[in-house]
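These notes concern the structure reproduced below.
The numbers here are math on the coordinates, done by the rules we state, and not lab data. Every value quoted in this text rests on a predicted model; they were computed, and no experiment measured them.
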Amino acid sequence: MMDIRKTRTCERCKNVVLLDQVRLYPKGENKNFLVCTGCCEELKKASAGQLPETKVAKVTVPSSYVKYNCSRCNYVFKADSSKAGLMYNLNCPYCGKADRLEHVRSKPAVTPNPTQKLSPFSERKL
């Protein structure tokens, strides 16, 4: 698992990158961009007049939400498993603790027996 203190978000492409791949690019006289190495190279080429002809699309990881249950306060919530641990520490949003978090397994949908006849006028015994 990656330590979140050693990652930063690129201000240009919004990707989370390791701290050793972060560069400061001058935005103005007093401000700097916090960008990844790929964006830094593109900005350097753009400022020199050598714009790249083709744009490379950034691949993003699709969100995959997982249900969690905090057994301390019995609160059920969803969290994005692709971002948990990278962009934020996984804690219960209700009590703020992380020591009793459990995955909640989804129950399979119950399908009626196809041979069983379900009708609103079925025989009822009183």
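Take the cross-link list K67/K97; K14/K44; K31/K78 and give me the ones stretching past 26 Å between alpha-carbons.
On the way: K67/K97 16 Å; K14/K44 18 Å; K31/K78 37 Å.
Check vs 26 Å cut-off fails for K31/K78.
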Residues with amide H under 5 Å of K27's amide H, sequence separation 5 or more or different chain, H placed in the peptide plane at 1.01 Å from N; which?
N32, F33
